[in-house]
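For reference, the structure is listed below as structure tokens.
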Amino acid sequence: MKKIIMLMLMSLLVVLNACQIEEDTLVDDPDKVDQLSQDLLSDAYIEWYGRTEYKNDNMYFYYTATGFKVEFYGRIVEFSLGLEDKNNDIYFSVAKDGELLTDCDVIVLEDDEQTFQITYDSYDTHTLEVVKRSEPEDGITYLSSIKTNGEFLEVEETDQMHFLMIGASGISGHGSLGTEGQSRTTENSSSLHAFGYLVAQHYNGSFEFVSNSGWGLKYGFNDRLGEVNIYEAYDYIGIDPNQDIIMTSYDHEKTPDVIIVNIGGNDYTSVINNYTGFEKQEKIEEFKTQVANFLLKLRADAPDAHIIWTMTSGSQNGTAAGEVINLLDAADKAYVHLVIIKQVGEDGDPVGAHNHASYVTHQKSAQNIIDALELVLD
């Protein structure tokens, strides 16, 4: 009996020693990557969402719904974010181990530089996603470093559908989490609770935004002369808090499978509706020409992508866009689809902040788009 007990103790010591060696190897391995900074911010250990720009040893990301994902073996992750040209606090969704970005915790970037620590329950393989909910007008954001008490793992490439969202306040989730009568704030606004992102989430797709509240396809509240608009921003890396395009060319590295457009309301409310008679008709024709040019540009850049041009029922800008779509050649028309989405407060649903659609309405609009996509996707 004593001999059996001794053998069991010796076996236990061997197992414990093996575990200790394995743990020590993990901690002391000189080749492990436990910190991403400078050029490693664009390496294989981090996956970026949306348009980014590496400069000054930091990774800048401007649009809403931009951010990153990492996979690591460890228990703690710590990352440092920067904020320039601040107009408002910046809100981020932080998803752990596959949580939905619509349901996870939120962190708030308030200072020029701020470090956040995320702790998990176990020392194991985990994922972390950090995605911005606020808009370009709120401030310029960047990641300077991210580290873990374990080691980062290389991101595995996945075969995902890629969604490009183009628009203004509607697709950006302006006021989507607020209530009727409230002003828009960064707290009550979220692109991750707006119909464009919700469609991408349904298909487990990657996503990219070109949007900002108040902007138009031709005219907007940012520029009533029609020179600084979403059409121009499309080919550049981002928009800054001063309502200017950041003039760094974007190489369109991901070709979209689906392009969701929600644009034109600001063209009418900021400029077109201020005119009457022939002058108004002239402005409408300028808008329609911009719609035509943009559709043909999108078709040329992504000839296999389905373009979902959204409008609320009876809207002036949507009606004008529909007239343009009807004039497309059959080859183009097969890839361009006009989809009716829900109006603010339709079906008796709650109204969001600043008289914009609530999360409830955005979910219904997303379903309308999904229903349309199911008819055209293979």
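The values are calculated or read from the model by the stated rules, or taken from the named source; none is laboratory data. Bear in mind that the values here come from a model prediction, so they are computed numbers and not experimental data. Glycine gets a Cβ as well: all are built from the backbone with ideal geometry, and neighbour counts include every protein chain shown.
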Exercise for the section: Quickly run through the range 188-235 and pick out the residues that are buried (at least 22 other Cβ atoms within 10 Å of the Cβ) and among the basic types (K, R). Expected result: K218
Completion exercise
Taking the range 22-55 and the residues there that are under 13 Å from S145 (Cα atoms) and assigned to a helix (DSSP H, G or I), the one that is modelled with the lowest pLDDT would be S42
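Test E208 against the criterion of being in contact with a Gly (Cβ under 6 Å, 6 or more places away or on another chain), free of Cβ contacts under 8 Å to residues at least 60 places away in the same chain and of a type in the set (D, E, K, R), and give yes or no. If you could, list the steps in order and put the result at the bottom.
On the way: in contact with a Gly (Cβ under 6 Å, 6 or more places away or on another chain): yes; free of Cβ contacts under 8 Å to residues at least 60 places away in the same chain: no; of a type in the set (D, E, K, R): yes.
For E208, the condition - in contact with a Gly (Cβ under 6 Å, 6 or more places away or on another chain), free of Cβ contacts under 8 Å to residues at least 60 places away in the same chain and of a type in the set (D, E, K, R) - is not met.
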Fill in the blank from the handout: When the range 60-81 is checked residue by residue, the ones that are surrounded by 24 or more Cβ atoms within 10 Å (Cβ to Cβ) and touching a helix residue (DSSP H, G or I) at 6+ places or on another chain (Cβ under 9 Å) are Y62, Y63, T64, A65
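Provide a single number: the residues in the range 294-318 that are more than 23 Å from H162 (Cβ to Cβ) and not hydrophobic (A, V, I, L, M, F, W, C).
Within the range 294-318, residues that are more than 23 Å from H162 (Cβ to Cβ) and not hydrophobic (A, V, I, L, M, F, W, C) number 7.
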Exercise for the section: Would you check if D251 is of a type in the set (D, E) and either crowded, with 22+ Cβ neighbours inside 10 Å or more than 19 Å from the chain's Cα centre (by Cα) (or both)? Expected result: no
Handout entry: the range 332-357 - residue that is among the small types (G, A, S), over 17 Å from A168 (Cβ atoms) and not in a helix (DSSP H, G or I) and, of those, nearest to the chain's Cα centre (by Cα)
Key = G345
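Tell me, which residue of the range 36-52 that is among the charged types (D, E, K, R) and surrounded by 17 or more Cβ atoms within 10 Å (Cβ to Cβ) is farthest from the chain's Cα centre (by Cα)? Spell out how you get there, then give the answer.
Quick first cut of the range 36-52, residues among the charged types (D, E, K, R) only: 39, 43, 47, 51.
Then keep just the ones that are surrounded by 17 or more Cβ atoms within 10 Å (Cβ to Cβ); that gives 47, 51.
On the way: E47: 13, R51: 9 Å.
By that ranking, first place goes to E47.
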Exercise for the section: Answer with yes or no whether E374 is in a helix (DSSP H, G or I), in contact with a Lys or Arg (Cβ under 9 Å, 6 or more places away or on another chain), free of Cβ contacts under 8 Å to residues at least 60 places away in the same chain and not small (G, A, S). Expected result: no
Fill in the blank from the handout: In the range 156-178, anything in contact with a Lys or Arg (Cβ under 7 Å, 6 or more places away or on another chain) and of a type in the set (A, V, I, L, M) is listed as none
Practice task
Examine the range 122-144 for a residue that is modelled with pLDDT under 95 and touching an Asp or Glu at 6+ places or on another chain (Cβ under 6 Å), and state whether such a residue exists.
Solution key: no
Handout entry: Residues of the range 358-370 satisfying the condition of being crowded, with 20+ Cβ neighbours inside 10 Å and out of contact with any helix residue (DSSP H, G or I) (no Cβ under 7 Å at 6 or more places or on another chain)
Key = S358
Exercise for the section: Check whether at least one residue in the range 84-106 is of a type in the set (K, R), surrounded by fewer than 22 Cβ atoms within 10 Å (Cβ to Cβ) and farther than 30 Å from A168 by Cα, and report yes or no. Expected result: no
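Could you go through the range 146-162 and let me know if any residue there is surrounded by 23 or more Cβ atoms within 10 Å (Cβ to Cβ), within 30 Å of D267 (Cα to Cα), within 15 Å of the chain's Cα centre (by Cα) and touching a residue at least 40 places away in the same chain (Cβ under 8 Å).
At the first step, the residues of the range 146-162 found to be surrounded by 23 or more Cβ atoms within 10 Å (Cβ to Cβ) are 146, 148, 152.
Applying the additional criterion that residues be within 30 Å of D267 (Cα to Cα) yields none.
Within the range 146-162, not a single residue is surrounded by 23 or more Cβ atoms within 10 Å (Cβ to Cβ), within 30 Å of D267 (Cα to Cα), within 15 Å of the chain's Cα centre (by Cα) and touching a residue at least 40 places away in the same chain (Cβ under 8 Å).
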Fill in the blank from the handout: Looking across the range 286-325 at residues that are in a helix (DSSP H, G or I) and among the small types (G, A, S), the single one that is surrounded by the fewest Cβ atoms within 10 Å (Cβ to Cβ) is A300
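Return yes when T125 is surrounded by fewer than 17 Cβ atoms within 10 Å (Cβ to Cβ), touching a residue at least 40 places away in the same chain (Cβ under 8 Å) and not charged (D, E, K, R) and no when it is not. Don't jump to the end; show me each part of the working.
Working: surrounded by fewer than 17 Cβ atoms within 10 Å (Cβ to Cβ): yes; touching a residue at least 40 places away in the same chain (Cβ under 8 Å): yes; not charged (D, E, K, R): yes.
Yes: the conditions hold for T125.
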Handout entry: Which numbered condition V336 misses (of (1) in contact (Cβ under 8 Å) with a residue 24 or more places away in the chain; (2) surrounded by fewer than 18 Cβ atoms within 10 Å (Cβ to Cβ); (3) hydrophobic (A, V, I, L, M, F, W, C))
Key = (2)
Problem - Condition check for D240: in contact with a helix residue (DSSP H, G or I) (Cβ under 9 Å, 6 or more places away or on another chain), closer than 28 Å to Y49 by Cα and acidic (D, E) - result: yes
Problem - Flag if K218 is among the basic types (K, R) and touching a Gly at 6+ places or on another chain (Cβ under 8 Å) - result: yes
Handout entry: Test set (1) assigned by TED's automatic domain parsing to the domain that holds W309; (2) surrounded by 15 or more Cβ atoms within 10 Å (Cβ to Cβ) - G181 fails condition number
Key = (2)
